[in-house]
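The values are calculated or read from the model by the stated rules, or taken from the named source; none is laboratory data. Remember, predicted model here, so these are calculated numbers, not experimental data. Neighbour counts are summed over all protein chains in view; Cβ atoms, including those assigned to glycine, are modelled from backbone coordinates with ideal geometry.
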Amino acid sequence: MRTTRPCQPQVWPVTTKSGSALSYTRLLRENRTYRFVWLSQVVSNAGDWFNTIAVLGLTLALTGSGLALGIVTICQMLPPFLMTPLAGVVAERYDRKRVMITADILRAGVALGFLLVETADDVWMLYLFMALLSGLQPFFDVTRTAALPSIARGKALLAANALSSTTWAAMLTIGSAVGGLVADHLGRSAAFQLNAFSFLVSAVFVARIAIPAASGAGQPVRFLSDFIEGMKYIGRDRPTRVYLPGKATWGLAGGGAVLLYAVFGGQVYRAGDTGIAILYTARGIGTLLGAVFIKFFDTIRLGQLRTGILVGLISYGAFFILFSQAPSIWLAAVCIILAAAGSMVMWVYSSLGLQLVVDEDYRGRVFAADHGLFTLAFSISTLGTGLLLDALAARLVAFMAGAAGIVIVVAWYLFARRIPLGGIHPGQEDSQDG
């Protein structure tokens, strides 16, 4: 039996007269709650990239080891996978605002720990702090994602998802470049301090708003039984099973892209660090382009979202295949831009699909599973790509990754199209099945 939802302040349920998605400026201007949630994301995402650039540079400076970089990557990817089940339960059983603020404050303290790493003998602390920082991330991200449908509804929810993804892309592009400049000119310590400060600023923004409580807030926490109950919900709710694998399908094919960008930029095109930066910047531009595409071809119809995921991932795979054969770094960058645009469409539509169909009582646990499956798939892809790069030519590995993406998403679609999508979760009434 569905429980009665509490009053949800600062919800924006309407669309423009034309029926198109709300403009970002209108959403930010008139939805105060989302505005501050978005501002918290802006500053923390910027700090994340400052930290990433500084950590990678420090690891290479202290060890000169590719293995050490691999360990850093594992410390960055494995803890979120392990912690997302707990984060999902916490997002449903505790006050969401307090969870997000607590996660920010704890991350600020951990971020300062990197200042203690000075010599090669201290590298173990670098691994530890990276694992702790990454392990705390799901508590903020899962809680924010689960709360979003209570903050914005209908096509406002589409705009909110698109803007959040656009912000991530912009911070990838800008934060990486500025983070590198900060680390080079002010020192890595300054980058670590700015990252810690960004979490505190994020906490201040979150503290200024009222985030609607989950329907299960205040109930006793029974982690194992709550987790099992959430998995049973996923197993029996067919629309959830349609959208849940979306990000993981891309993760299996695209996780190794982060390695391929480095190999192509530095070795295939012999452009060194500048070449790597060019390809990473192209990735950021592409995700921004994908967000623009979503604004012009917006939809919140469930069937169209499903088709959009298919088109987005096929586009990603096709342009990644072209990237694998590009004769110059600039043509490669163009291919990456178009591939990343397709992956952005997939990302936003899969998130929106889940937000529209998942019951409020299970939203935290479902998004924890979504995050965990993506992280696991991404890690498997990264490891597999690394092993293949030791045995095969980089261009062949990239071609295989693009082709695998197309095969995987077509297999998913053939499965998903046989599942009736049914209705949507109450509160998103201007969405319809398509």
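Condition check: assigned to a helix (DSSP H, G or I) and under 27 Å from residue 236 (Cα atoms). Does residue 372 satisfy that? Give the steps one after another, and end with the answer.
Values: assigned to a helix (DSSP H, G or I): yes; under 27 Å from residue 236 (Cα atoms): yes.
Yes, satisfied.
Could you go through segment 58-70 and let me know if any residue there is over 30 Å from residue 358 (Cα atoms) and outside any helix (DSSP H, G or I).
yes
Take residue 184 and decide whether it is in a helix (DSSP H, G or I), free of Cβ contacts under 8 Å to residues at least 12 places away in the same chain and of a type in the set (D, E, K, R).
Yes; evaluated as a whole, the condition is true for this residue.
Condition test on residue 88, is it small (Gly, Ala, Ser), in contact (Cβ under 8 Å) with a residue 12 or more places away in the chain and within 27 Å of residue 279 (Cα to Cα)?
no
Can you run down the residue pairs with Cβ atoms below 6 Å, 6 or more apart or on separate chains, where the first is in segment 310-339 and hydrophobic (A, V, I, L, M, F, W, C) and the partner is surrounded by fewer than 19 Cβ atoms within 10 Å (Cβ to Cβ) and not in a helix (DSSP H, G or I)?
329/271
Checking the structure you have, find out if any residue of segment 119-142 is touching a residue at least 40 places away in the same chain (Cβ under 8 Å), part of a helix (DSSP H, G or I), among the charged types (D, E, K, R) and surrounded by fewer than 23 Cβ atoms within 10 Å (Cβ to Cβ).
yes
I need the full set of residues from segment 13-34 which are exposed (fewer than 12 other Cβ atoms within 10 Å of the Cβ), among the hydroxyl-bearing types (Ser, Thr, Tyr) and either at pLDDT 50 or above or in contact with a strand residue (DSSP E or B) (Cβ under 8 Å, 6 or more places away or on another chain) (or both), in order please.
If the condition is that a residue be exposed (fewer than 12 other Cβ atoms within 10 Å of the Cβ), among the hydroxyl-bearing types (Ser, Thr, Tyr) and either at pLDDT 50 or above or in contact with a strand residue (DSSP E or B) (Cβ under 8 Å, 6 or more places away or on another chain) (or both), then 25 is the only one that fits.
For residue 123, indicate whether it is at pLDDT 85 or above, within 21 Å of the chain's Cα centre (by Cα) and among the β-branched types (Val, Ile, Thr).
no
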